[in-house]
Amino acid sequence: THCKSNDLLIYDRGYPSYGFIYEHIKRDLNFLMRVKVSFSQVTIDFASSKKKSQIITIYTGKNTKISDKPYNKNTPIEVRLLRVELPKGQTEILITSLLDNKKYPSSVFKELYSQRWGIETFYDRLKNKLKVEHFSGYSNESIQQDFYAALFVSNIQTLIVSELEDDLVNANQQKKYDYKINTNLSYGFLKNRILDLFLTSKSMEKSFEELKQLYKENLIPIRPNRSFERNSGKYRTRIKPNITKNQKDSF
């Protein structure tokens, strides 16, 4: 109900399947998804062909249960495969419902797919910096309270950072590298001062100015084209810590 006909829904790996794609087509919703090379024999062949774009027809898998589905094993779906070359020579395979090569040339999809990155990093901050999955109680009220408190703190941090954008632009003109706010430290500074903002007689404006000054004093450089090898299995064996209830180690 939130999607409109001209929207483009972007998904990372793990989402694509025949049934998932079928539901988008049925609802006239355009999509762009990343798929593993091993998604099907067709994607394997496409990856080895070196083509930049190819329209293919997909069918449901041989072992897929379809007795309760609105489609059968002979229901075709036309989709388009795309190749995206990464800086280190790696290749990503994307699949989309946008079939018109003239209206949507292959060159635009790398930038389109990267639009999801801001949302992914936001979830990373919520989970790993604000500990949104760690709750101080079992009740529905406790869980909602902790969840919305994390969002509230994130919004305050975002507002402060946005107010510093002009200052950063001016400061970066005189430096070798562009600098940005240190996200880790910014949440720590805010954590220690959140009560000053709302529950003391201290001026809120003064508290904000102190936070902004701390943010500006602890910038980190942005080094162009710097990247790290992705360790895709680093969370596979991770065990979530046991958090004693009523002792939440975050905000």
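Of all the residues in the range 101-116, those that are within 9 Å of the chain's Cα centre (by Cα) and loosely packed, with under 11 Cβ neighbours inside 10 Å number 0.
Look at L126 and say whether it is within 18 Å of L8 (Cα to Cα), touching a residue at least 24 places away in the same chain (Cβ under 8 Å), surrounded by 13 or more Cβ atoms within 10 Å (Cβ to Cβ) and in contact with a helix residue (DSSP H, G or I) (Cβ under 8 Å, 6 or more places away or on another chain). No, not satisfied.
Once the range 15-34 is narrowed to residues that are under 16 Å from L81 (Cα atoms) and in a loop (DSSP other than H, G, I, E, B), the residue that is modelled with the lowest pLDDT is Y15. When I44, I56 are checked against the criterion of being farther than 14 Å from R80 by Cβ, in contact with a helix residue (DSSP H, G or I) (Cβ under 9 Å, 6 or more places away or on another chain) and surrounded by 13 or more Cβ atoms within 10 Å (Cβ to Cβ), I44 stands alone in meeting it. Just wondering, is there one or more residues in the range 36-44 that are touching a residue at least 40 places away in the same chain (Cβ under 8 Å) and in a loop (DSSP other than H, G, I, E, B)? Looking through the range 36-44, at least one residue is touching a residue at least 40 places away in the same chain (Cβ under 8 Å) and in a loop (DSSP other than H, G, I, E, B).
Of the listed requirements (1) surrounded by fewer than 12 Cβ atoms within 10 Å (Cβ to Cβ); (2) touching a Lys or Arg at 6+ places or on another chain (Cβ under 8 Å), Y148 misses just one: (2). Checking each residue of the range 135-158 against the condition of being within 24 Å of F20 (Cα to Cα), hydroxyl-bearing (S, T, Y) and under 20 Å from the mean Cα position of the chain (by Cα) gives no match.
If the requirement is being outside the structural domain of F147 (by TED's automatic domain parsing) and either at pLDDT 85 or above or over 24 Å from A149 (Cβ atoms) (or both), which of these qualifies: S232, S207? The unique qualifying residue is S232. When restricted to residues that are farther than 30 Å from L8 by Cβ and in contact (Cβ under 8 Å) with a residue 40 or more places away in the chain, the range 129-154 contains 9.
Taken together, K103, K127 contain a single residue that is farther than 23 Å from Q54 by Cα and of a type in the set (K, R), which is K127.
Which residue is modelled with the highest pLDDT, if the candidates are limited to the range 141-164 and must be of a type in the set (V, I, T) and closer than 14 Å to K131 by Cα? Only one residue tops the list, namely I143.
Of the residues making up the range 70-84, those that are surrounded by fewer than 14 Cβ atoms within 10 Å (Cβ to Cβ) and among the basic types (K, R) number 1.
Is one or more of the residues making up the range 9-18 out of contact with any strand residue (DSSP E or B) (no Cβ under 7 Å at 6 or more places or on another chain) and either of a type in the set (D, E) or surrounded by 10 or more Cβ atoms within 10 Å (Cβ to Cβ) (or both)? Before the answer, list the steps.
Our first condition is that a residue be out of contact with any strand residue (DSSP E or B) (no Cβ under 7 Å at 6 or more places or on another chain); within the range 9-18, this holds for 14, 17.
Now narrow it down to the ones that are either of a type in the set (D, E) or surrounded by 10 or more Cβ atoms within 10 Å (Cβ to Cβ) (or both): 14, 17.
Yes, the range 9-18 contains a residue that is out of contact with any strand residue (DSSP E or B) (no Cβ under 7 Å at 6 or more places or on another chain) and either of a type in the set (D, E) or surrounded by 10 or more Cβ atoms within 10 Å (Cβ to Cβ) (or both).
The values are calculated or read from the model by the stated rules, or taken from the named source; none is laboratory data. Just so we're clear, the structure is a prediction, and the values are computed from it rather than from any experiment. Note that each Cβ is placed from the backbone with ideal geometry, even for glycine, and that neighbours are counted across all protein chains shown.
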